[in-house]
Amino acid sequence: MAGRSVAEVATGVAVLVVTAGFLAYAVLNTGRGGAAGTRLVAKFENVGSLAAGADVRIGGVPVGRVTGTAIDPNTYQAIVQFSVRPDIKVPSDSSATISTGGLLGSNFLTVSPGGAETNLGDGGMITITQGATNLEDLLGKFIFNVGSLADGTQRLLKQQAAAPGEAAPARP
C-alpha cells in the first residue's frame, strides 16, 4: 500500500510540473509578457478577432506581437498597439492589414514596408490600414450575385423562348 501511494504522489507531482511548464510557455508566448522592441500603433475600422498575443508579420515572417486593442471614443476606430523586434526598422509610409491564416485560422497583423527613407520611432503610427474582412459579408455578397446572375439567365432564356422565329446569335 505504501508503494502505491508513493507512485500516486510522484504522478501527481509530475502532472503539476508539466502543467506549470505549459502555463509558463503560454505566458511567455502570447504577448502577455513584456514586449521588447519598437512599439507602434495603427487604427482600423474593423479588427475582427485580432487580440493581444497575435503575430505581427512582415513578408509572412513573425517579427512581433500585438500588445493590445482599444477603441478611440472620438472616431470609434479600433486602435491596435503592437511591437516589432528592435532590429526591424519600419518605414514611415508602411501599411498594416489584418489577415487571416486560412479559412479557420486566427487573425494576425501584416505590415507591408513602404519606401520612405525615414522610419517610425517608438510610439509611431501607421496611417495606411486595411481592416479585417468579414466572412459573412463576403458570403452574402456572393450569394446575392449568384442569385442576380441566375435571374438574368432565366430572363434571357424566356426572351429567347418567346421569339422562336428569330435566329440565335452567332458564336464567335
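Taking only pairs six or more apart or across chains, which ones have beta-carbon atoms under 6 Å, a first residue in region 130-152 that is open to solvent by less than 80 Å² (accessible area, probe 1.4 Å), and a second residue that is modelled with pLDDT of 75 or more?
Short answer, once both residue conditions are applied: GLY131/PHE44; GLY131/GLU45; GLY131/ASN46; GLY131/ILE98; ALA132/ASN46; ALA132/VAL47; ALA132/GLY48; ALA132/ILE98.
Name every residue in region 36-50 that is exposed (fewer than 15 other Cβ atoms within 10 Å of the Cβ) and either of a type in the set (Ser, Thr, Tyr) or within 13 Å of the chain's Cα centre (by Cα) (or both), in order of residue number. Before the answer, list the steps.
To start, the set of residues in region 36-50 that are exposed (fewer than 15 other Cβ atoms within 10 Å of the Cβ) comprises 36, 45-46, 49.
The answer is ASN46, SER49.
Search region 110-129 for residues being among the aliphatic types (A, V, I, L, M) and surrounded by 13 or more Cβ atoms within 10 Å (Cβ to Cβ), and hand back the single one that is farthest from the chain's Cα centre (by Cα). First the steps, then the outcome.
Step one: of region 110-129, the residues among the aliphatic types (A, V, I, L, M) are 111, 116, 120, 125-126, 128.
From what's left, surrounded by 13 or more Cβ atoms within 10 Å (Cβ to Cβ): 111, 120, 125-126.
Numbers: VAL111: 11, LEU120: 22, MET125: 19, ILE126: 16 Å.
Step by step, filter region 110-129, then rank; the result is LEU120.
Give the residue, chosen from ARG85, ARG155, that is touching a residue at least 40 places away in the same chain (Cβ under 8 Å) and either more than 20 Å from SER49 (Cα to Cα) or over 20 Å from the mean Cα position of the chain (by Cα) (or both).
Values: ARG155 fails: touching a residue at least 40 places away in the same chain (Cβ under 8 Å).
From the options ARG85, ARG155, the qualifying one is ARG85.
Got a number for residues in region 52-65 being loosely packed, with under 15 Cβ neighbours inside 10 Å and within 12 Å of SER106 (Cα to Cα)? Explain how you work it out, then say what you get.
Of all residues in region 52-65, those loosely packed, with under 15 Cβ neighbours inside 10 Å come to 59-62.
Retained after the next criterion (residues that are within 12 Å of SER106 (Cα to Cα)): none.
The qualifying residues number 0.
Just give me the residues in region 66-109 being of a type in the set (A, V, I, L, M), in a strand (DSSP E or B) and crowded, with 18+ Cβ neighbours inside 10 Å, in sequence order.
Looking only at region 66-109, we keep the residues that are of a type in the set (A, V, I, L, M), and these are 66, 70-71, 78-80, 84, 88, 90, 96, 98, 103-104, 109.
Subset that is in a strand (DSSP E or B): 66, 70-71, 78-80, 84, 96, 98, 109.
Listed by number, the residues that qualify are VAL66, ALA78, VAL80, VAL84, ALA96, ILE98, LEU109.
Among all residue pairs at least 6 apart or on different chains, which show Cβ distances below 9 Å where the first residue, located in region 1-30, is at pLDDT 85 or above and surrounded by 10 or more Cβ atoms within 10 Å (Cβ to Cβ) and the second is of a type outside the set (A, V, I, L, M, F, W, C) and not in a helix (DSSP H, G or I)?
Listed by first residue and then by second, the contacts come to nothing, as the list is empty.
The values are calculated or read from the model by the stated rules, or taken from the named source; none is laboratory data. All figures in this text were calculated on a predicted structure; none of them were measured in a lab. Positions of Cβ are backbone-derived with ideal geometry, glycine not excepted, and every protein chain shown enters the neighbour counts. Heavy atoms of the whole protein, side chains included, go into the accessibility calculation; ligands, DNA and RNA do not. Shrake-Rupley method; radii C 1.70, N 1.55, O 1.52, S 1.80 Å.
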